[in-house]
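For reference, the structure is listed below as structure tokens.
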Amino acid sequence: MSEPGHRRAAALAVAVATVCAVAACGEGAPRDAETDVSRDDAAGSAGDPVIAAAAEQARNAIVAYVAAVNAMDLDSAGAFYSDSPDFHWIEDGSVRYRSAQESRESLAGLMAMASAAELTVSELSVTALSADIAVASCQFVQTVNVAQGGPDFSFSGAMSIVLRRENGRWLFLAGHTSSARPRTGDTAVGEPGGRP
């Protein structure tokens, strides 16, 4: 695929994930004590058991990925990235990874420098679009304790993921993270009609 084609595919995936994530947001849902994620049913899934099951399976895949990262189990965590040629991951406005292999290499680099890592996910919302496609959004905090006396660091923000069932497993086909940044000044760019 050409560079403009990659950009269009990435932009489309982010747009779909964002729209679906906004549609699926809920407030005040009970939290799972073990994972600290919301246990909301996916929007619109209550009447369709196949779609509801798909949403729950996709949610479980994300929870398992977080557990693998926190255990610093590179093989298990890296296995959640789809080997599809359509795979891509966007970070802060740029396509950062164009393959599962690139994502695995980055994760390996992070784990190599760390004595411990903790990924915390909150406000997790998962919507199944079909029996085999789901989108998710959440807030995240990643803390890394650097081995050999280096300075520890952390970063946080929002994440959206497009998941696809491949050979019976829910895998990450596309993703997007954006860093949490303070707004400058007291006014934000507003939507039409004056709504911020």
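The values are calculated or read from the model by the stated rules, or taken from the named source; none is laboratory data. Since the model is a prediction, treat every value here as computed from it, not as a measurement. Positions of Cβ are backbone-derived with ideal geometry, glycine not excepted, and every protein chain shown enters the neighbour counts.
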Within segment 88-128, how many residues are touching a Lys or Arg at 6+ places or on another chain (Cβ under 9 Å), closer than 19 Å to Phe140 by Cβ and in a helix (DSSP H, G or I)?
2
Only unsatisfied item for Pro85, checking (1) surrounded by fewer than 16 Cβ atoms within 10 Å (Cβ to Cβ); (2) modelled with pLDDT of 95 or more; (3) assigned to a helix (DSSP H, G or I), is (3)
So which residues in segment 112-133 are crowded, with 18+ Cβ neighbours inside 10 Å and under 16 Å from Val66 (Cβ atoms), if there are any at all?
Ala114, Ala117, Val121, Glu123, Leu124, Ser125, Val126
So, of the residues in segment 152-171 that are hydrophobic (A, V, I, L, M, F, W, C) and within 18 Å of Ser94 (Cβ to Cβ), which turns out to be modelled with the lowest pLDDT?
Phe155
Scanning for something modelled with pLDDT of 95 or more and at positive phi, does segment 120-134 turn up at least one residue?
yes
Can you confirm whether Trp89 is on the phi < 0 side of the Ramachandran plot, touching a residue at least 40 places away in the same chain (Cβ under 8 Å) and touching a Gly at 6+ places or on another chain (Cβ under 6 Å)?
yes
Whether any residue in segment 26-48 is surrounded by 18 or more Cβ atoms within 10 Å (Cβ to Cβ), modelled with pLDDT of 95 or more and not charged (D, E, K, R) is what I want to check.
no
Filtering segment 54-84 down to residues that are more than 17 Å from the chain's Cα centre (by Cα) and free of Cβ contacts under 8 Å to residues at least 24 places away in the same chain, which residue is farthest from Val146 (Cα to Cα)?
Asp75
